[in-house]
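Student: Attaching a single structure in structure tokens format; questions to follow.
The values are calculated or read from the model by the stated rules, or taken from the named source; none is laboratory data. Because the structure is a prediction, the values reported are computed rather than measured. Using ideal geometry, Cβ is built from the backbone for each residue, glycine included, and neighbour counts are taken over all protein chains shown. When the accessible area is computed, the model is the full protein with side chains, heavy atoms only, and any ligands, DNA or RNA have been set aside. Shrake-Rupley method; radii C 1.70, N 1.55, O 1.52, S 1.80 Å.
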Amino acid sequence: MSAESTPIPGEPGGKGRRRKPRSKGRKGLLVTAWVAAGIVVLGGTGAGYVYFKLNGNIKSVDIDQVLGSARPAKADNGSENILVLGSDTRSGSNRELGGGTDDGSARSDTAMIIHVYEGHKKAAVVSLPRDTLIDRPECTDTDGKEHDAATDVMFNSAYTTGGAACAVKTVETMTDIRMDHYLEVDFSGFEKLVDELGGVTVTTTRDIKDTDSHLDLKAGTHELTGAQALGLVRTRHGVGDGSDLGRIQLQQAFIKALVKQVRSVGVLASPKKLYDLADTATKAVTTDSDLGSVNSLVSFASGLKGISPSDMTMVTLPVRYDPANPNRVLVQEAKARQIWTALEHDRPIPRSATADTATGQAKGVVTS
């Protein structure tokens with residue numbers, strides 16, 4: 001499979017339609033950064049000090065126990081699917097970073113399915129727009145509380161309603177694919193991780209200015225701090241059509257830049273730097289119970305650290321703007337099914353699956 005066989009989709013059919021701005025309290029978070037970066041760091045160290053006092057940092061949830069056996073079957077060829085969510089909680093240090101009211105709630109404003117192909121040499125990333133209208137299944141959260149099914153609700157309502165277990169069940173219902181693992185990270189952890197890496201270098205092909213995300217970048221090459229990186233992956237009004245789809249395109253570009261930065265750290269970094277990276281990553285993450293220890297994370301990471309940016313295929317769930325509400329998108333079911341079938345059978349995602357879909361018009365604004 002060509003690592004770049006599936007391009008980001010072209011201009012949307014609904015060109016010219018702009019989505020209305022959202023409030024500052026609805027910011028997204030790039031969580032695949034931790035998968036592509038923090039996990040790789042853990043797996044690449046190979047030193048005993050990495051394990052020291054890190055297990056206590058990791059939070060985990062027992063999704064398998066909650067969901068039971070009525071789930072899609074696990075693949076038997078060594079491939080894996082990981083659901084990665086960004087928790088937009090308004091409590092603690094995240095309140096300062098994200099703005100908005102500390103109402104005790106949390107949202108999954110960024111969601112991605114990462115498919116690691118057999119042999120763990122290549123990966124496909126499918127971004128799921130939070131504004132996608134779906135039918136949410138009935139589900140039980142990790143506290144045992146039952147939640148009714150709902151129709152025509154936003155995708156990120158699954159996490160808000162029933163947390164990690166409901167989000168996993170919703171994705172498995174949408175795709176008919178087993179999610180082998182679950183990973184979640186928050187605002188403050190993302191910012192600290194980028195700073196621990198010493199920043200991430202990106203090139204912007206045009207000026208980006210968004211007062212909501214506190215971002216002001218001139219066209220050119222930048223070494224982003226954690227705060228700037230957070231602003232970049234959260235911005236939706238500074239580029240493209242102002243939609244969440246445009247923000248997803250920026251996030252996907254940033255992931256590749258971040259992977260490059262992590263791979264440049266390597267084992268030549270000081271023991272303290274490597275430990276600080278591992279410490280930051282484990283404090284930032286919530287995992288499924290199978291990954292809820294440093295030993296498990298390192299074992300898992302060993303199968304991912306060989307995947308370079310050129311080995312990553314990135315697409316967005318095929319959608320179109322909702323004619324009844326430009327702030328929502330609808331799944332193009334036939335095209336989406338091409339993606340799920342390809343991943344289920346561990347095959348490359350066909351180009352036809354992402355042709356003529358809404359994109360957000362921000363492709364190429366950020367490069368690495």
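Student: Run the quick spin-label model on residue 207 and residue 160: label points 7 Å from Cα toward the beta carbon, then report their separation in nm to one decimal.
Tutor: 3.4 nm
Student: Still on this structure, please answer the following. Going from most exposed to least, what order do 272, 305, 122 have by accessible area with a 1.4 Å probe?
Tutor: The ranking, largest first, comes out as 272, 305, 122.
Student: Also, quick follow-up: In whole Å, what are the extents of segment 305-368 along the principal axes defined by its C-alpha atoms, from largest to smallest?
Tutor: Sorted largest first, the three principal extents are 45, 31, 18 Å.
Student: Using only Cα atoms, locate the centre of segment 184-217 and the centre of segment 301-357, then give the distance between them in Å, rounded to an integer.
Tutor: Cα centroid to Cα centroid, the span is 24 Å.
Student: Suppose the chain between residue 59 and residue 302 were pulled fully straight at 0.36 nm per residue; how much longer would it get relative to their current alpha carbon spacing? If you can, show how the numbers build up before the last one.
Tutor: On the way: separation 243, 0.36 × 243 = 87.48 nm, distance 2.06 nm.
Difference between extended and current length: 85.4 nm.
Student: Shifting gears a bit: With only Lys, Arg, Asp and Glu charged, each at its Cβ (+1 for the first two, -1 for the last two), find how big the charge dipole of segment 213-368 is about the Cα centre; round to the nearest 20 debye.
Tutor: Charge dipole, segment 213-368, about its Cα centre: 340 debye, nearest 20.
Student: With +1 on the Cβ of every Lys and Arg and -1 on the Cβ of every Asp and Glu, and nothing else charged, how large is the dipole of segment 154-293 about its Cα centre, in debye rounded to the nearest 20? Mind dumping the intermediate values first?
Tutor: Working: 15 positive and 19 negative charges, 84 e Å.
Here segment 154-293 has a charge dipole of around 400 debye.
Student: Here is a follow-up. Among the listed pairs 209/260; 122/256; 145/169, which have their C-alpha atoms separated by more than 18 angstrom in this model?
Tutor: Listed pairs above 18 Å: 209/260.
Student: Quick one: if you stick a label point 7 Å off each Cα along the C-beta vector at residue 178 and residue 345, how many nm between them?
Tutor: Inter-label distance under the simple model: 1.9 nm.
Student: Return one quarter of the surface area of the convex hull spanned by the alpha-carbon atoms of segment 182-243, equal to its mean projected area, in nm².
Tutor: Projected over every direction and averaged, the Cα hull of segment 182-243 covers 4.8 nm².
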